[in-house]
Amino acid sequence: MKKIVAKFGGSSLADANQIRKVKEILFANDDRKYCVVSASGKRNKDDDKITDLLISLYNYRDDEDKQKKVFESIKSRYIDIVSNLKITYDIESELDKILLESKNKNTKDYLASRGEYLSAKILSLFFDGIFLDMSGLIIFDDNNKVDYELSFKNIKSAIENIEAKSPDKKIIIPGFYGSNSANEIVTFSRGGSDITGAIVARAVEATLYENWTDVSGVMFEDPRVVKDPPNIEYITYTELRELSYMGANVLHEETVYPVSKVGIPINILNTNVPNDKGTMIMSSIPSIVKRRVVTGIAGKKGFTSILLQKTLMNEEVGFVARLLKIFEKEKISVEHCPTGIDTISIIVRTELLKAKENIILDEIKKEMKPDVLNVEDGLSIIAIVGEGMVYHKEITYEIFKCLHEENIGVKMIDLGSSGINVIIGVNDSDYEKTLMALKNLSSIKV
Ligand code: ADP
Ligand code: ASP
Ligand code: MG
């Protein structure tokens, strides 16, 4: 028997019209029994995401005028959806309850989660589905990390109970949140409804996890930067994780974990063009598929490089370990650390470093006694990812040819130890130009 979990992202729930498309997709296939939803997203480029408005509601809790303005725009969006779908739902008193909670301290996650909660409530009323709250089922520990095994178990038994009574109904699940041992709501990081979808897929032992969004799959590069990048038909979990971690935010990077362990494939699909094939994400790709050498490219701006130079650094046993300890102590994760015989660069996200920069630099001077210590902001990191690169000797030549032709200076290069990625660093001002130059790599076939 096939079992499909269908997760719909914010743009698929942005207004009544989009919600009608969701219903049509769900009812086009009886195997789509489990529906996971995000909060309503943007209706157009300049619109607000409901999650952002709800977070503002919390941030403005001491400023009544500003808060009221945000509240009114949330209210008008929901009144529009509820009246347009012609459902009977007292949305105003539901929203008043949320506003009241915003006055209390420590309700940020609760408020942020209400967009998903309301989406799931609305859908379950719209087509008589069964609403299944994730509070009390997806469990976060004291460090706000999910207890996956417990969550799978809880969801499995809750769904079995529902199906014993109502075998033919669709089950509608709000994404993005669960709760902790004190029964408080805890959210994932932004974009986290993708993770809920994966947890539900694993809990019900789904045969497929469909992730419905506003693009027809994962593209070779970010379509907001590069015009019409080709679509990726098949990609492995490992490649996808590399790309999403490095900035391809079409899927949250933690999505792969719950499903990859048991090999549930993920299919990225487009709610607005439901017949497009989209992208299949799986553990290994069928050998008949003709793949590209480079599967995809993703990147991010906003990194800082901290360069240390010290004569005979290589003879000081434990130098790197002591240096990394300084970053660990300040809870700053290190993205890369290219080394030379007497030099090492530590590359970190600028936004994480800034608040602690002086402490870290003082500590480095005191502990490591470098001859030179240099800090350089404005670095972009770009990952070129593909399992086929290991077998294609010319790949580094091809990469540097693309960059050379556009006169782009490379500030850093790191050949990932897995062999499936090449990481390059360029100036932030060259970020877009670099992605455009690398588009040519999509034409190299295995
Ligand atoms: P949803 O709200 O459905 O979860 P997201 O906004 O999280 O959707 O993800 C879809 C968006 O991801 C696309 O609209 C696109 O702008 C962006 N994106 C970034 N990189 C890529 C990529 N490589 N392929 C496809 N989309 C990408
Ligand atoms: N609504 C949340 C966000 O905007 C979660 C999600 O959409 O996946 O980040
Ligand atoms: Mg998303």
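The values are calculated or read from the model by the stated rules, or taken from the named source; none is laboratory data. Bear in mind that the values here come from a model prediction, so they are computed numbers and not experimental data. Quick reminder, even Gly has a Cβ in these numbers, built from the backbone with ideal geometry, and neighbours come from all protein chains shown.
Looking only at residues of the stretch 162-183 that are under 19 Å from ASP142 (Cα atoms) and in a strand (DSSP E or B), we find that the one that is nearest to ligand 2 (Cβ to nearest atom) is TYR177.
Remark: pairs (first residue in the stretch 361-390, more than 24 Å from GLU328 (Cβ to Cβ); second residue in a strand (DSSP E or B) and aliphatic (A, V, I, L, M); Cβ separation under 6 Å; 6+ apart in sequence or on different chains) = SER380/VAL426; ILE382/ILE424; ILE384/ILE297; ILE384/VAL422. Looking across the stretch 162-190 at every residue that is buried (at least 19 other Cβ atoms within 10 Å of the Cβ) and polar (S, T, N, Q), the one that is farthest from ALA39 (Cα to Cα) is identified as SER179. If you go through the stretch 184-217 and pick out every residue that is outside any strand (DSSP E or B), on the phi < 0 side of the Ramachandran plot and more than 16 Å from ligand 2 (Cβ to nearest atom), you end up with 7.
Cβ-Cβ distances below 7 Å connect the following pairs, each with a first residue in the stretch 184-202 that is over 21 Å from ASN143 (Cβ atoms), a second residue that is near ligand 2 (Cβ under 9 Å from one of its atoms) and assigned to a helix (DSSP H, G or I), and a separation of six or more residues or different chains: SER193/GLU116. Set side by side, the residues LYS290, LYS301 differ, and just one is among the basic types (Lys, Arg) and in a loop (DSSP other than H, G, I, E, B), which is LYS290. Does ASP63 count as away from ligand 3 (no atom under 16 Å from the Cβ), over 17 Å from GLY192 (Cα atoms), modelled with pLDDT of 95 or more and among the acidic types (Asp, Glu)? Considered against the rule, which asks whether it is away from ligand 3 (no atom under 16 Å from the Cβ), over 17 Å from GLY192 (Cα atoms), modelled with pLDDT of 95 or more and among the acidic types (Asp, Glu), ASP63 comes out as no. For ILE159, all conditions in the list (1) more than 14 Å from TYR34 (Cα to Cα); (2) not in a loop (DSSP other than H, G, I, E, B) hold save one; what is the number of the exception? For ILE159, the exception is condition (1). Restricted to the stretch 191-233, and to residues there that are more than 9 Å from ligand 1 (Cβ to nearest atom) and among the basic types (Lys, Arg), the residue that is surrounded by the fewest Cβ atoms within 10 Å (Cβ to Cβ) is LYS227. Candidates are the residues of the stretch 116-143 that are at pLDDT 95 or above and out of contact with any strand residue (DSSP E or B) (no Cβ under 8 Å at 6 or more places or on another chain); the one that is farthest from GLU94 (Cα to Cα) is ASP141. Of the set (1) touching an Asp or Glu at 6+ places or on another chain (Cβ under 8 Å); (2) without any contact (Cβ under 8 Å) to a residue 60 or more places away in the chain, all apply to SER76 but (1). Of everything in the stretch 211-233 that is within 15 Å of the chain's Cα centre (by Cα) and charged (D, E, K, R), the residue that is farthest from ALA383 (Cα to Cα) is ASP214. Whether a residue is farther than 28 Å from LYS45 by Cα and touching a Lys or Arg at 6+ places or on another chain (Cβ under 6 Å) was assessed, and THR207 passes this test.
Within the stretch 206-221, the set of residues being more than 12 Å from ligand 3 (Cβ to nearest atom), under 22 Å from GLU242 (Cβ atoms) and hydroxyl-bearing (Ser, Thr, Tyr) comprises TYR209, SER216.
Take ILE139 and tell me if it is surrounded by 13 or more Cβ atoms within 10 Å (Cβ to Cβ) and under 18 Å from GLU205 (Cα atoms). In short, no.
Yes/no per residue for (1) loosely packed, with under 13 Cβ neighbours inside 10 Å; (2) of a type in the set (D, E, K, R); (3) assigned to a helix (DSSP H, G or I):
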| site | (1), (2), (3) |
| --- | --- |
| LEU54 | no, no, yes |
| ARG61 | no, yes, no |
| ASP65 | yes, yes, yes |
| GLU72 | yes, yes, yes |
| SER83 | yes, no, yes |
| THR88 | yes, no, no |
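Residues of the stretch 1-52 that are part of a helix (DSSP H, G or I) and crowded, with 20+ Cβ neighbours inside 10 Å: GLY10, SER11, SER12, LEU13, GLN18, ILE19, VAL22, LEU26, ILE50, THR51. Kindly establish whether GLY278 is within 11 Å of ligand 1 (Cβ to nearest atom) and either within 29 Å of LYS411 (Cα to Cα) or aromatic (Phe, Trp, Tyr) (or both). For GLY278, the condition - within 11 Å of ligand 1 (Cβ to nearest atom) and either within 29 Å of LYS411 (Cα to Cα) or aromatic (Phe, Trp, Tyr) (or both) - is not met.
Considering the conditions (1) of a type outside the set (Lys, Arg); (2) modelled with pLDDT under 95; (3) surrounded by fewer than 21 Cβ atoms within 10 Å (Cβ to Cβ), ASN154 is excluded by exactly one of them, (2). Within the stretch 377-405, restricting attention to residues that are hydroxyl-bearing (Ser, Thr, Tyr) and surrounded by fewer than 22 Cβ atoms within 10 Å (Cβ to Cβ), the residue that is nearest to ASN249 (Cα to Cα) is THR396.
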